[in-house]
Structure formats: structure tokens, C-alpha cells
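Single-structure report; data block below.
Quick note: the coordinates plus some simple rules give every number you see, no bench work behind them. Please read all numbers here as calculations on a predicted model, not as lab measurements. Glycine also receives a Cβ, built like all others from the backbone with ideal geometry; neighbour counts cover every protein chain displayed.
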Amino acid sequence: MAGKIATYAALILLSALFVFPFYWMIRSSLMPKHLLNIWPPIWWPNPPVWENYVQAFSNPFLPFGKFFKNTMILEVGMITGRLISVTMIAYGFARLRAPGKNFLFLILLMTLMLPGAVLLIPKFVFFSRLGWINTFYPLIIPAWFGEAYAVFLFRQFFLSLPRELEESAIIDGANIFQIITRIIIPLSIPVYAVITIFSFRDIWNDFMGPLLYLSSLDKYTIAVGLAFFSGQYTSEPQLQMAASVVFTIPIIILFFFTQRAFVEGIQMTGLKG
Amino acid sequence: MAIAKKSLLKPKVPLTPTEKREARTFYILISPWIFGLIFFTGIPLVWSLYLSFTKWDVLTPPQFIGVENYADMLSDKDFYQSLKVTTVYSLVSVPVRLAIALGLALLLNSATRAVGFFRTAFYLPAVVASVAVAVIWRWLFNPRFGPINGFLAVIGIDGPAWLNDPDYALWALIIMSFWGVGGEMLIFFAGLKGIPDQLYEAAEIDGASKWRKFLNITIPMLSPTIFFNLVMSVIGSFQTFDSAFVISTASARDLGSPAGSTLFYVLNIYRQGFSRLNMGYATALAWVLLALLFILTYLINRSSQRWVYTEGAS
């Protein structure tokens with residue numbers, strides 16, 4: 001019994017610790033600047049200063065509305081390409097036999113372990129030769145050519161599907177395209193959901209990619225925008241916190257409504273080791 | 001799944017028409033990946049290797065200089081600093097993170113009520129962008145107005161200047177990294193759930209203590225998961241960029257500040273390539289990182305044969 005109490009006490013204390021930075025961020029975002037530095041601190045502003053949000057987002061030199069639009073362009077462009085290409089590629093690896101297939105799959109696994117830093121500069125040079133710097137192409141186009149992690153996950157999933165459905169479809173004279181669209185895709189909705197959620201989060205949060213390829217302010221994504229905003233406004237922490245709240249909230253909401261998918265997705269990757 | 005033929009001398013049997021068709025379909029299906037592999041990975045990789053033997057400032061054509069970049073590294077103060085910063089960070093943060101993640105997973109596993117609530121509390125921070133994490137924690141670590149020094153003062157400790165102090169900046173980043181253990185925790189949690197209860201029941205019948213059960217059942221059964229988390233965390237920690245960049249540029253517009261105490265390896269690559277336009281040298285640095293990670297992964301893999309328990313192994 002004492003063990004139980006200790007367990008729950010520890011859980012409560014630790015979760016309070018983990019939640020604290022969120023609380024502090026929100027509370028600071030609603031405080032007037034002059035009250036930020038008093039001690040003991042004000043635990044919750046009364047009244048909350050919503051103007052901080054207005055101020056943070058009405059800066060003409062840091063157009064957050066545009067940053068949001070840019071991020072969404074990347075989201076739609078990349079997720080669509082990723083889902084379409086990965087479906088084809090993973091199905092090939094899962095169901096079809098061909099000489100050299102195992103070797104190619106090994107290459108796929110090896111690319112998963114490749115540190116991005118090695119390709120940082122050459123990719124930049126490659127895209128600049130194409131004239132793609134300061135456009136979204138260096139980020140969106142590669143997404144249409146498969147992504148190793150997603151290919152791996154989908155392949156594992158396809159392998160677990162019973163073959164009977166596909167086999168009877170072949171007997172009925174279906175071609176590959178029909179098999180994939182009529183049978184495989186409908187059965188894989190949960191995996192599509194997980195990949196979409198993970199991709200959405202990764203693209204939303206991505207900093208290095210947009211930093212590298214987008215050089216003008218009006219092309220920045222929210223992640224880059226926030227970094228530069230916080231660099232400009234070091235003396236206005238309440239504004240920085242307001243921007244952080246708005247940047248963080250959509251992903252947190254997404255997580256809340258799709259918790260099960262997130263958790264299963266993480267566990268899918270971990271257990272397959 | 002077909003039994004893989006491991007013989008070195010594979011008889012070259014020509015493919016039947018059906019097999020040929022299947023192979024053709026396969027290659028058509030994976031063609032996007034092949035294309036991407038060649039153009040977005042392969043060619044840049046080869047070009048990167050060549051570049052590492054050149055001196056190139058982007059404005060003039062690359063000059064071939066042989067292994068000079070690699071030789072220069074040996075006398076480069078920043079190179080050693082970045083290695084030191086990254087290694088210290090990894091050495092400290094990875095084991096502690098895994099320990100915290102495991103601890104949290106164990107706690108969650110022994111709870112029966114409100115598990116979802118606690119799990120959410122621990123995982124939520126891992127979902128936040130590293131940029132936002134850095135911005136939030138920079139405010140938490142503020143030496144004069146931040147709650148961390150505030151609470152330290154309450155218990156009588158005069159808190160350091162954290163991110164403004166070269167001796168403490170890296171420690172602040174390490175502490176910051178603990179906030180994001182939610183992902184590893186979930187993987188451990190799933191691993192724990194996969195340990196059969198019979199093992200624990202049998203141990204209890206034999207009178208094993210809690211600690212015994214942990215050491216002799218939980219840890220070995222969890223060792224593949226620990227291995228996975230370990231490799232992923234090490235590789236990830238060596239490529240830290242976002243948080244170091246945000247912390248640096250905010251305090252003094254010079255990457256790696258204060259005084260190079262946050263000059264992570266990839267941050268140094270970025271600075272050499274894009275601030276100083278030493279593209280050739282930066283590329284060489286990247287290859288050294290690749291070699292380093294390769295060696296590290298190999299070593300961890302080798303050691304895993306000693307401590308990772310695999311089901312069905314002889």
C-alpha cells in the first residue's frame with residue numbers, strides 16, 4: 001500500500017515538473033513586461049494581457065501570417081508526395097520479387113543511418129545549381145521520391161497483410177495499380193494516419209531545412225520565424241512566450257486528438273528495433 | 001518469406017517471363033526511390049567526398065588541395081572544441097535521459113489509474129519543436145528573472161548565469177534535453193508491457209526481491225529496447241543543431257557562444273560552410289562526423305552481443 005502511495009506521489013510530482021515549463025510559458029505570455037521580474041512571482045496575471053499576442057503578431061518585419069502560410073504549403077506539398085511515393089515503393093519491397101531487391105533494401109536501411117550533416121553542403125550546392133535556393137522546391141520535391149523511414153514502416157505493415165485478397169484480385173485480372181488503390185490503401189488507413197501525423201509534426205517543427213534553403217524573410221516558416229523573432233526580441237520575453245505558445249499549440253492540439261495513433265506509432269518503431 | 005540463398009555461387013538461372021514481369025513491375029514501383037537515391041543522396045554524397053579534398057569559397061571554382069583539410073583539422077581549435085562539447089553533451093545527456101525514461105516508464109507501468117494523464121504529461125514536451133524548447137527554456141534559465149534561479153534562491157543557492165556563463169551553458173542544454181524523454185519513455189513502456197508476467201510470478205515463488213526481479217528479469221528482457229534507444233539517442237545527440245543555434249544567436253550573434261561552450265559539431269560545420277565560406281573544410285568535417293558515428297555505432301553493436309538478450313539465441 002505504501003508502495004502505491006509512493007508511486008502516485010512520484011507520478012504527480014514528476015508530471016508537475018514536466019508540465020511546469022508549459023505553465024510558465026503561458027503565464028509569462030499573458031503578463032505585462034514590468035511585472036515579469038518581481039519575486040515572489042505572480043502566478044497568474046490578473047487581468048491577462050492579451051495585447052502581448054497582438055503585439056507579437058502585428059510586427060511588420062516578422063509576418064507570422066505569412067510564416068504560417070509558408071509552413072502549410074510545405075505541409076501539403078510534402079505529405080502528399082510522401083504518402084503517394086512511399087505507398088508504391090513500400091508495396092514493391094513488400095510484395096514483389098526481383099533480382100537485387102534485398103541489396104536495395106539494405107541500401108534503404110543504410111540511408112536511415114546517414115547523418116544529414118554529410119549531405120548538408122552538397123545538397124545546398126546541388127539545389128543552388130538548379131536555381132532552387134529561396135524556393136520551397138528543395139524541401140518539397142525530394143518528398144515525392146520516397147522517404148526511407150516511412151517506406152520501412154509501410155513495408156512492415158504491408159508484409160503483415162494477408163495475401164489472399166491480393167491473390168484473388170490477381171486472379172480476377174486486376175493490375176498493380178488497381179490492387180494498390182482498391183485493396184492495399186483502404187486497409188492501410190491507420191498507417192497513413194500515423195505517418196501523416198508524424199510528418200505534419202516534423203515539417204512544422206523543422207528548423208534546419210528551411211533555415212538552409214530559404215533566405216528571404218517572406219519565405220520563412222514558423223519555426224525559423226520564431227527563432228529570429230526571439231533573437232530580435234531578447235528584451236521582450238513576454239512577446240517571445242506569446243509567439244512560442246502560438247507555435248506550439250497546434251501540435252499539442254493535434255497530439256491530444258490523435259493520442260492513440262501517436263503512441264502506437266512510436267511503439268511501432270521501437271519494437272521493430 | 002522465401003529462404004534467402006546464401007551460397008556464394010548462385011547458379012544463374014534465367015528468369016521466367018512471369019518473373020521478368022514481376023521484376024519489371026518492382027523496378028517501376030520503386031523508381032521514385034531510385035531516382036531520389038541517385039540525385040538527392042548518391043550524387044551529393046560523391047560530390048561531398050570530392051569537395052572535402054578541395055578549398056572552395058563558392059565565389060571561385062573549387063581548388064583541389066588533397067588531404068589538407070583533414071590535416072588542418074588536427075590543428076583547428078574549433079574542431080577540438082566542437083568535439084569536446086558534443087562528446088560531453090552526449091556522454092552526460094544520453095545515459096541520464098535513458099535512465100529517466102526508464103524510471104518514468106516503470107512508474108507508469110506500476111500505476112493503474114490515470115495512466116493516460118501521466119503519460120500525456122511526460123510525452124507532450126517531446127512533441128514540441130526544439131526551437132520552441134530552446135526559446136522557452138532560455139526564459140526559464142534567465143539568471144535574474146527565471147524560475148530556476150528563483151527556486152534555487154529559495155533554497156539558498158545563488159544560481160549561475162546559465163546560458164550566459166561559458167561554464168554552465170552546456171549544462172543548461174543538457175538539463176533542457178531531459179524535458180524531451182517522452183519518446184524514449186514510450187518505447188520503454190511498450191517494452192515493459194511485453195515482458196511476460198509468468199517470469200515475475202516464477203521469481204516471486206522463488207522469493208526474489210524487487211531489486212532482484214528488476215536486475216534479472218526487467219533489464220535483460222528490456223535490453224533490446226535499451227539498445228535501440230541507446231543507438232538512436234547517441235546518433236541524435238551528436239547531430240544537435242537547432243537548440244544550439246537558437247541559444248547561440250540569441251545571446252551574442254556568434255554561433256557557439258558564450259565563448260564556444262555551445263559549439264556543437266554540426267553547428268561548427270554550418271558556421272565553417274555558411275559563415276566563413278570554407279565549403280571544402282566544412283565538408284571534410286562532415287565526413288569525419290560520419291566516420292565517428294560509424295565507429296560509435298559499430299562499438300555499441302559489438303558490445304551489444306554481451307549484454308543484449310535475444311529470444312531464441314543459443
Using +1 on the beta carbon of Lys and Arg, -1 on that of Asp and Glu, and nothing else charged, what's the dipole of the stretch A:120-273 about the Cα centre, debye to 20? 220 debye
Qualifying trypsin sites (Lys or Arg not before Pro) for the stretch A:150-239 [loop in DSSP, other Cβ within 10 Å: at most 14]: A:163
Span per principal axis, largest first, for the Cα atoms of the protein assembly as shown (Å): 81, 76, 47
Which whole-number percent is the relative contact order of chain A (Cα, under 8 Å, 6+ apart)? 32 percent
Give the Debye-formula value of log10 I(q)/I(0) at each listed q (0.13, 0.26 Å⁻¹), with one equal scatterer per alpha carbon of the stretch B:271-314, two decimals each. -0.49, -0.85
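Counting only other residues whose beta carbon sits under 14 Å from that of residue B:206, what net charge do I get with K and R as +1, D and E as -1?
+1
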Treating the angle as unsigned and between 0 and 90°, give the value, to the nearest 10°, between the Cα long axis of helix A:237-257 and the longest Cα principal axis of chain A. 40 degrees
Amide H of residue B:54: which non-local residues (sequence gap of 5 or more, or other chain) have their own amide H closer than 5 Å, using H built in the peptide plane? B:65
For the stretch B:38-194, calculate the relative contact order in percent as a whole number, restricting contacts to Cα pairs under 8 Å that are 6 or more residues apart. 26 percent
Kirkwood Rh and Cα Rg combined as Rg over Rh, evaluated for the stretch B:19-69: 1.32
Restricting things to alpha carbons, find the Rg to Rh ratio for the stretch B:114-241 using the Kirkwood radius for Rh. 1.10
Rg over Rh of the stretch A:91-159, using C-alpha atoms and the Kirkwood radius, what does it come to? 1.06
For chain B: relative contact order, % (alpha-carbon pairs under 8 angstrom, 6 or more apart): 25 percent
Taking the C-alpha atoms of the stretch A:2-49, how large are the radius of gyration and the largest Cα-Cα span, Dmax, in Å? 15.0, 46
Exposed chymotrypsin sites (Phe, Trp or Tyr not before Pro) absent - longest run of chain A, DSSP non-H/G/I/E/B, at most 14 other C-beta within 10 Å: A:62-273
Mind checking the alpha-carbon convex hull of the stretch B:72-307 and giving the volume per residue in Å³? 151 Å³
Under Karplus coefficients 6.51, -1.76 and 1.60, residue-wise ³J(HN,Hα) of the stretch B:197-209 in Hz, glycine/proline x: 4, 4, 4, 5, 5, 4, 5, 5, 4, 7, x, 6, 7
With no solvent and one point on each alpha carbon, what is the Debye value of log10 I(q)/I(0) for chain A at q = 0.09 Å⁻¹? -0.60
